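> What follows is a single structure, and I will ask about it in a moment.
The values are calculated or read from the model by the stated rules, or taken from the named source; none is laboratory data. All of these numbers come straight from a predicted model, not from anything done at the bench. Quick reminder, even Gly has a Cβ in these numbers, built from the backbone with ideal geometry, and neighbours come from all protein chains shown. Surface areas here come from the heavy atoms of the whole protein model, side chains and all, with no ligands, DNA or RNA. Shrake-Rupley method; radii C 1.70, N 1.55, O 1.52, S 1.80 Å.
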Amino acid sequence: MNKIISFPHIGNYYHPIKYLLEKLTSYQIEPSPPITKKTLALGEKYSPSDACIPFKYNLGNFIESLEAGSTILFQAGGGCRYRYYAEVQEKILRDLGYDFQFIKMITKNRMSIKEVYHIFKELNPKLSRIHFFHTFLYTFFYIVYMDKIDVIIRKRIGFEVEKDSFLKTQKKMFQDFSSHHSIIKLTLSYFKYKIKFKTLKINKPKNCLKVGVIGELYTSMEPFSSYFLEEKLAKFHIEIKRYTNMTYLLFVKRFMKKKMLRVTRKYCKYTLGADGLDNVYRTIKLSKKYDGIIHTKPFGCTPEVGAIPIIKKVASDKNIPIIFFSYDANSSEEGIVTRLEAFYDLIKYRKEKK
């Protein structure tokens, strides 16, 4: 039987993850099918009732992958309740009768490069340390470069002249990034696309509306889980700022704690768990130059529930409008759109009044 590796979706990060798995193993790599309402329905059906919505999306991803023939599943884990996902999801899937190998990339709430090497060495006994570290480093730069390009896209996509010009260029970029194995070539490709995205035709007013998106990591980075929030904002011709991405979570966040505690000392004397402190800090930073803030989270996300009263206090002190979206399996897109339109009208009115 052919071995097929699969993993859950989270935004466009399936591109570098697929690249990593293809280069380090000799197996077929098939990311979970694109997320749909069916994905959520499957996750909702078999998840504990109090599980957060990212858990349900992940479980639905795994079920669809197994139904499509996958035999090896990868899960990351780490941070808040996410560190317990792997064990619970594996138990649910085995109770459902699926036969598979389950691999956890993060153990004890941390990622050890040495342990990750041994995981891939078991999958590919011919794997050398040099090839592993080179591929891991390439994937690191792949993620960093795509995140840098995303910053440019969010600033400009809402003002594109040619419809879908940014998305078409981004698709070509991923194909290009995934076709190399040389970090030098990848870097040259990054600078090429950086210029391309900055030269795509836009019609952007000098004093456009600017909105910052903060909140829990999954609903920030997976478009389907937030009902394509950033896409809707772009249609309102808004410049978007989002801090949370893989570069921040994996490489930057660990160096930010002292600075965040210093900036938020009026409101926080200690961390709030997961991204709670981060979002208080971001509210302060965004209030200086942005017209509004949108906070997203899964229903019942404890760290964000704890942070919200503080964030409200900061927004009130800084006089910046903020709206909170909490998502679960029963969220109504129509209700979300209505609230978003009202928020847009508010920040537009305030901008014009100024």
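> If you take the residues in the stretch 299-319 that are surrounded by 18 or more Cβ atoms within 10 Å (Cβ to Cβ) and in contact with a strand residue (DSSP E or B) (Cβ under 6 Å, 6 or more places away or on another chain), which one is nearest to Tyr267 (Cα to Cα)? Please lay out each step first, then the result.
Applying the first criterion (surrounded by 18 or more Cβ atoms within 10 Å (Cβ to Cβ)) to the stretch 299-319 yields 301, 303-304, 307-308, 310-311, 314-315.
Among the residues that remain, those that are also in contact with a strand residue (DSSP E or B) (Cβ under 6 Å, 6 or more places away or on another chain) are: 304, 315.
Details: Glu304: 15, Ala315: 12 Å.
Checking each candidate, the answer is Ala315.
> Confirm whether Glu67 is at pLDDT 95 or above and surrounded by fewer than 16 Cβ atoms within 10 Å (Cβ to Cβ). Reasoning before the result, please.
Values: at pLDDT 95 or above: yes; surrounded by fewer than 16 Cβ atoms within 10 Å (Cβ to Cβ): yes.
Judged against the criteria, Glu67 is a match.
> Another question, if that's okay. Answer yes or no: is there a residue in the stretch 191-210 that is under 21 Å from Tyr14 (Cβ atoms), open to solvent by 40 Å² or more (accessible area, probe 1.4 Å) and not polar (S, T, N, Q). Outline the logic, then answer.
Residues of the stretch 191-210 that are under 21 Å from Tyr14 (Cβ atoms), as a first pass: 193, 197.
From what is left, the residues that are open to solvent by 40 Å² or more (accessible area, probe 1.4 Å) are none.
Taking every residue of the stretch 191-210 in turn, none turns out to be under 21 Å from Tyr14 (Cβ atoms), open to solvent by 40 Å² or more (accessible area, probe 1.4 Å) and not polar (S, T, N, Q).
> Here's another thing I want to ask about it. Would you point out the residue of the stretch 70-82, among those that are on the phi < 0 side of the Ramachandran plot and part of a loop (DSSP other than H, G, I, E, B), that is modelled with the lowest pLDDT? Give the derivation first.
Of the residues in the stretch 70-82, the ones on the phi < 0 side of the Ramachandran plot are 70-76, 81-82.
With the extra rule that they be part of a loop (DSSP other than H, G, I, E, B), the set shrinks to 70-71, 76.
Numbers: Ser70: 95, Thr71: 95, Ala76: 78.
If we take residues in the stretch 70-82 being on the phi < 0 side of the Ramachandran plot and part of a loop (DSSP other than H, G, I, E, B), then Ala76 is modelled with the lowest pLDDT.
> Which of (1) surrounded by fewer than 20 Cβ atoms within 10 Å (Cβ to Cβ); (2) in contact (Cβ under 8 Å) with a residue 12 or more places away in the chain; (3) among the basic types (Lys, Arg) is the odd one out, the single condition Arg282 does not satisfy?
Arg282 satisfies all of (1) surrounded by fewer than 20 Cβ atoms within 10 Å (Cβ to Cβ); (2) in contact (Cβ under 8 Å) with a residue 12 or more places away in the chain; (3) among the basic types (Lys, Arg) except (1).
> When you go through Thr283, Thr296, Thr264, Thr247 one by one, which is the residue that is modelled with pLDDT of 95 or more, hydroxyl-bearing (Ser, Thr, Tyr) and under 25 Å from Thr36 (Cβ atoms)? It would help to see each step written out before you state the result.
Values: Thr283 fails: under 25 Å from Thr36 (Cβ atoms); Thr264 fails: under 25 Å from Thr36 (Cβ atoms); Thr247 fails: under 25 Å from Thr36 (Cβ atoms).
One residue alone meets the criteria, Thr296.
> Looking only at the stretch 321-339, filter to residues that are under 25 Å from Tyr290 (Cα atoms) and over 19 Å from the mean Cα position of the chain (by Cα); which one of those is most open to solvent (accessible area, probe 1.4 Å)?
That would be Arg339.
> Here's another thing I want to ask about it. Within the stretch 142-155, how many residues turn out to be among the basic types (Lys, Arg) and surrounded by 18 or more Cβ atoms within 10 Å (Cβ to Cβ)? Write out each step before concluding.
Filtering the stretch 142-155 for residues among the basic types (Lys, Arg) gives 148, 154-155.
Of the ones still in play, those that are also surrounded by 18 or more Cβ atoms within 10 Å (Cβ to Cβ) are 154-155.
Qualifying residue count for the region: 2.
> What do you reckon, is Ala51 modelled with pLDDT under 90, in a helix (DSSP H, G or I) and either open to solvent by less than 20 Å² (accessible area, probe 1.4 Å) or farther than 30 Å from Lys171 by Cα (or both)? Steps first, answer last, please.
On the way: modelled with pLDDT under 90: yes; in a helix (DSSP H, G or I): no; either open to solvent by less than 20 Å² (accessible area, probe 1.4 Å) or farther than 30 Å from Lys171 by Cα (or both): yes.
In short, no.
> Follow-up. Does Glu231 fit the bill of being open to solvent by 40 Å² or more (accessible area, probe 1.4 Å), of a type in the set (Asp, Glu), under 25 Å from Lys289 (Cα atoms) and touching a Phe, Trp or Tyr at 6+ places or on another chain (Cβ under 6 Å)?
On the way: open to solvent by 40 Å² or more (accessible area, probe 1.4 Å): yes; of a type in the set (Asp, Glu): yes; under 25 Å from Lys289 (Cα atoms): yes; touching a Phe, Trp or Tyr at 6+ places or on another chain (Cβ under 6 Å): no.
Considered against the rule, which asks whether it is open to solvent by 40 Å² or more (accessible area, probe 1.4 Å), of a type in the set (Asp, Glu), under 25 Å from Lys289 (Cα atoms) and touching a Phe, Trp or Tyr at 6+ places or on another chain (Cβ under 6 Å), Glu231 comes out as no.
> In this structure, is Phe255 in contact with an Asp or Glu (Cβ under 8 Å, 6 or more places away or on another chain) and open to solvent by 60 Å² or more (accessible area, probe 1.4 Å)? Steps first, answer last, please.
Numbers: in contact with an Asp or Glu (Cβ under 8 Å, 6 or more places away or on another chain): no; open to solvent by 60 Å² or more (accessible area, probe 1.4 Å): yes.
No; evaluated as a whole, the condition is false for this residue.
> Would you call Ile294 open to solvent by less than 30 Å² (accessible area, probe 1.4 Å), of a type outside the set (D, E, K, R) and free of Cβ contacts under 8 Å to residues at least 40 places away in the same chain? Can you show your working first?
Working: open to solvent by less than 30 Å² (accessible area, probe 1.4 Å): yes; of a type outside the set (D, E, K, R): yes; free of Cβ contacts under 8 Å to residues at least 40 places away in the same chain: no.
No: the conditions fail for Ile294.
> Something else now. In this structure, does Met246 turn out to be in contact with a Gly (Cβ under 7 Å, 6 or more places away or on another chain) and not basic (Lys, Arg)?
Details: in contact with a Gly (Cβ under 7 Å, 6 or more places away or on another chain): no; not basic (Lys, Arg): yes.
For Met246, the condition - in contact with a Gly (Cβ under 7 Å, 6 or more places away or on another chain) and not basic (Lys, Arg) - is not met.
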